[in-house]
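Here's the structure we're looking at; comments come further down.
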């Protein structure tokens with residue numbers, strides 16, 4: 001049975017309208033939800049001795065997330081700020097995050113491996129809807145956490161949802177002893193909210 005041309009055109013028109021409505025709804029949802037505070041920042045103390053301060057052994061870092069450095073902020077970015085557990089004077093802080101080597105490779109990274117880079121000053125441009133988990137820990141764990149950067153530099157494979165900015169901070173969080181949520185194909189700000197929920201009892 002042959003379908004008349006006008007019926008095919010009508011079906012195509014309806015499908016286009018539905019797709020447009022879905023896209024508009026998703027855009028509005030993204031634009032609202034990811035620009036509003038989701039939960040309070042969290043400080044987690046993973047030091048063995050939480051009573052006696054030991055400047056020679058005590059270290060800290062912040063696991064951060066925010067909207068990405070583009071006009072729409074999509075899809076967001078996770079990164080680490082080293083040697084800080086409070087958000088004052090972050091413009092002087094050392095930060096890094098794992099990102100695609102070229103922005104035009106971002107879409108291909110959804111279905112294949114691309115080359116990534118370890119970006120310094122990762123907080124620059126990525127502080128809209130800023131959220132964080134601050135971690136205090138002993139120096140040996142801190143040094144192990146810092147070594148994760150070198151692993152990503154030596155093996156710069158980037159794959160969105162698999163080995164990306166969320167995977168980078170997740171490895172560091174695991175070394176620090178935090179409970180970590182599932183991280184595959186999760187938005188950075190969603191990951192951070194779940195990370196805080198997993199560790200709110202510390």
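The values are calculated or read from the model by the stated rules, or taken from the named source; none is laboratory data. In this text the structure is predicted, and so the values were computed from the model without any measurement. Methodologically, a virtual Cβ is constructed for each residue, glycine included, from the backbone with ideal geometry; neighbour enumeration extends over all protein chains shown.
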Problem set entry | Count - residues of the range 69-118 that are farther than 20 Å from residue 145 by Cα, at pLDDT 90 or above, under 16 Å from the mean Cα position of the chain (by Cα) and crowded, with 17+ Cβ neighbours inside 10 Å | 3
Exercise. Yes or no: residue 121 modelled with pLDDT under 95 and more than 19 Å from residue 75 (Cβ to Cβ)?
Worked result: yes
Exercise. Right, residue 179: modelled with pLDDT of 95 or more and part of a loop (DSSP other than H, G, I, E, B) or not?
Worked result: yes
For this session: Could you check, for the range 22-43, whether at least one of its residues is touching a strand residue (DSSP E or B) at 6+ places or on another chain (Cβ under 7 Å) and modelled with pLDDT under 90?
Result: yes
